[in-house]
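Engineer: Handing you this structure, nothing more for now.
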Amino acid sequence: MKIYEVVARLLLAIIIGGLIGYEREYKNRPAGFRTHILVCIGACVISMIQLYDVEKTVEMIVKNPQLGSALKADIGRIGAQVVSGVGFLGAGTILHEKGSVKGLTTAASLWVVACIGLAVGLGYYVLSILSTVAVVIALVSLKKFESKFIDKANLVKLEVEYIDKQGMVQMVNGYFEGKNIKIKNIEFLIEEVDGEEGFMKSLYTILIPRHIRKSEIIKHLASIEEVISVKIM
């Protein structure tokens, strides 16, 4: 492999990793600009190592034909390890916070960048460039489409303080059912004041459809006579 080919592939890996990483950096994700560049360069280097191995194997066979049956070069083995091995890095970007999972898109983008890096290193330029365009479209354009047309539920935890448990539970459950809000979990707490039972609290973990605002739910629950206060945890 010529030196200019190596330089061209490394530069293309930097550009591709940077383009995808910039979008993640702009969204303030755990793995951003430099991380994607490094993953893409690493995968590109592994691909070129494979090519060097193949070239060396061919040269040895040409010089010593009797080694033809003994020497083998598996061009896909190291690349397969990169694709599976980069998963540990993607797992580090996945966060579990307040009942919701974040970072899956960033983990997926790292995995895709590694795959594209392998393609760059192997010299599949058209495939690499078109793949990059597809990834950028998926991350930027389809994000807007998803936000506008795909209805997703948001997991929210509410703390409700009240004085009448039976009346409050009936009113709250009825409201959630009418708004198609799913209750994932309820925790009932009793707060002691000076050694005596005081106000009671409930922690509701609910799935809110995208078209319903959190402020709307809080305002309605706060208007219930038995409810003292409502806040998001």
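The values are calculated or read from the model by the stated rules, or taken from the named source; none is laboratory data. Note that the structure is a prediction, hence the values are computed from the model and not measured. Using ideal geometry, Cβ is built from the backbone for each residue, glycine included, and neighbour counts are taken over all protein chains shown. In case anyone asks, the SASA skips ligands and DNA or RNA and just uses the protein heavy atoms, side chains included. Shrake-Rupley method; radii C 1.70, N 1.55, O 1.52, S 1.80 Å.
Engineer: Can you spot a residue in region 125-132 that is assigned to a helix (DSSP H, G or I), modelled with pLDDT under 85 and open to solvent by 40 Å² or more (accessible area, probe 1.4 Å)?
Structural biologist: no
Engineer: Right, next: Within region 176-223, track down each residue that is at pLDDT 80 or above, out of contact with any strand residue (DSSP E or B) (no Cβ under 8 Å at 6 or more places or on another chain) and within 17 Å of residue 163 (Cβ to Cβ).
Structural biologist: 223
Engineer: Count, please, the residues in region 22-60 that happen to be open to solvent by 50 Å² or more (accessible area, probe 1.4 Å) and either among the basic types (Lys, Arg) or more than 17 Å from the chain's Cα centre (by Cα) (or both).
Structural biologist: 13
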